[in-house]
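Enquirer: Okay, handing you the structure first.
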Amino acid sequence: MKSSLLWKSGANNVKIGILAVQGAFAEHDAALRTLGAETVLLRNKNDLARFDGLVLPGGESTAQSKLLKDLEMFEPLKDMIESGTPTLATCAGLILLAGRLADDDAVHFGTLPITARRNAYGRQLGSFQRVGNVGRIENFVMTFIRAPYVESADSDDVEILATVDDRVVGVQYRNQLALAFHPEIGDDLRVHEFFLKGIKG
Ligand code: GLN
């Protein structure tokens with residue numbers, strides 16, 4: 001466990017809502033709980049009560065978007081992201097946030113001014129790992145699973161946090177932290193810790 005667990009704080013915890021309609025939400029839940037955060041799995045619109053931060057997990061973005069609309073969760077979540085709720089989005093989550101998709105007419109939340117390319121590494125490279133820096137986090141093992149990448153940052157306010165082979169795979173824009181890889185896989189919790197520290201200030 002590389003995380004320092006410094007954030008663990010007991011009583012004055014923040015509460016993180018983790019989208020749990022499809023995809024890899026359980027791993028985010030485990031990571032955040034290990035760091036001492038309170039979590040709530042967001043399975044339907046009644047779960048969208050107050051929380052301090054939001055996680056959009058990997059999975060299948062088209063399926064997630066459709067489910068969110070069917071469950072009437074799409075607009076409330078979009079409003080929360082637009083109104084500044086700190087949001088950690090991974091893989092399919094990054095696609096949900098993207099303002100534009102390079103290979104697709106669909107736009108889902110569209111709150112993050114980037115152009116993302118889905119399934120960007122081709123079938124033969126469906127899944128792979130690279131070690132690199134994520135912002136100030138050094139030597140992080142990045143696991144990519146049929147991952148997108150950020151083809152362009154479409155605002156000067158998009159900060160590039162991580163690149164692999166000259167491709168952007170991690171960005172921050174205001175309250176939105178979006179990663180093409182899966183920081184919830186493995187036991188290195190530094191990305192989640194960074195997210196929580198950002199909320200707590
Ligand atoms: N390829 C998936 C999509 O387009 C994302 C893959 C992932 O989240 N691991 O939604």
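None of the figures in this text is laboratory data; all of them are computed from the coordinates on show. What you are looking at is a predicted structure, and each value in this text was computed from that prediction instead of being measured. In this analysis, Cβ positions are derived from the backbone assuming ideal geometry, glycine residues included, and neighbour counts consider all displayed protein chains.
Enquirer: Debye calculation, C-alpha points only, no solvent: report log10 I(q)/I(0) for the range 11-113 at q = 0.14, 0.20, 0.23 Å⁻¹, in the same order as the q values.
Expert: Taking Cα atoms of the range 11-113 as identical point scatterers yields -0.48, -0.99, -1.30.
Enquirer: Hey, in the GNM for the chain with a 10 angstrom Cα cutoff, which one of R190, R33, R146 fluctuates hardest?
Expert: R33
Enquirer: Using a Cα distance threshold of under 28 Å, what count of lysine pairs results for the chain when pairs must be 8 or more residues apart or interchain?
Expert: Pairs that pass both the separation and distance tests number 20.
Enquirer: Where nothing but the Cβ of Lys and Arg (+1) and of Asp and Glu (-1) is charged, how large is the charge dipole of the chain around its Cα centre, in debye to the nearest 20? Each step should come with its number before you reach the end.
Expert: Values: 22 positive and 26 negative charges, 85 e Å.
Rounded to the nearest 20 debye, it is 400 debye.
Enquirer: Could you work out the equivalent-ellipsoid semi-axes for the range 143-201, taking the square root of 5 times each eigenvalue of the Cα gyration tensor, largest first, in whole Å? Don't jump to the answer; show the numbers that get you there.
Expert: Details: eigenvalues 73, 60, 12 Å².
Equivalent ellipsoid semi-axes, largest first: 19, 17, 8 Å.
Enquirer: Once you charge only the Cβ atoms, +1 for Lys and Arg and -1 for Asp and Glu, what is the size of the charge dipole of the range 24-63 about its Cα centre, to the nearest 20 debye? Spell out each step's value before the answer.
Expert: Values: 4 positive and 6 negative charges, 29 e Å.
The calculated dipole for the range 24-63 is roughly 140 debye.
Enquirer: Take the eigenvalues of the Cα gyration tensor for the chain, scale each by 5, and report the square roots as semi-axes in whole Å, largest first. Mind dumping the intermediate values first?
Expert: Working: eigenvalues 105, 88, 46 Å².
Gyration-tensor ellipsoid for the chain: 23, 21, 15 Å.
Enquirer: I would also like to ask the following. If each DSSP helix of 4+ residues adds -39,500 (n - 2.57) and the sum is divided by the residues in the chain, what number results at 222 nm, nearest 500 deg cm²/dmol?
Expert: Numbers: 5 runs with 46 residues, N = 201.
Result for the chain: -6500 deg cm²/dmol, rounded to the nearest 500.
Enquirer: Could you tell me which of A49, G135, I95 has its Cα farthest along the dipole of the range 33-147 towards the positive end, charges placed at Cβ (Lys, Arg +1; Asp, Glu -1), taken about the Cα centre?
Expert: G135
Enquirer: Say we join alpha carbon atoms closer than 10 Å with springs in a Gaussian network model of the chain; which of A37, A92, A26 then has the biggest fluctuation?
Expert: Maximum among the listed residues: A26.
Enquirer: Write down the percent of antiparallel bridges among all DSSP beta bridges whose residues are both part of the range 71-183, to the nearest 5.
Expert: Details: 22 of 29 bridges.
In the range 71-183, DSSP labels about 75 percent of beta bridges as antiparallel.
Enquirer: Considering the dipole of the chain built from charges on the beta carbon (Lys and Arg +1, Asp and Glu -1) around the Cα centre, which of A30, H192, F74 is farthest to its positive end?
Expert: A30
Enquirer: Sort out for me the Cα centre separation of the range 68-124 from the range 155-188, rounded to whole Å.
Expert: That distance is 14 Å.
Enquirer: Let me ask you something else. Considering the chain as a Gaussian network with a 10 Å cut-off on Cα pairs, which listed residue, G93, G126, G58, attains the greatest mean-square fluctuation?
Expert: Of G93, G126, G58, the Gaussian network model singles out G126 as fluctuating most.
Enquirer: Using DSSP to call loops (not H, G, I, E or B), can you name the GluC sites (Glu not before Pro) in the range 39-138 whose Cβ has at most 13 other Cβ atoms within 10 angstrom? If you can, show how the numbers build up before the last one.
Expert: Numbers: sites: E60, E72, E82, E138; in loops: E60, E72.
Sparse-neighbourhood loop GluC sites (Glu not before Pro): E72.
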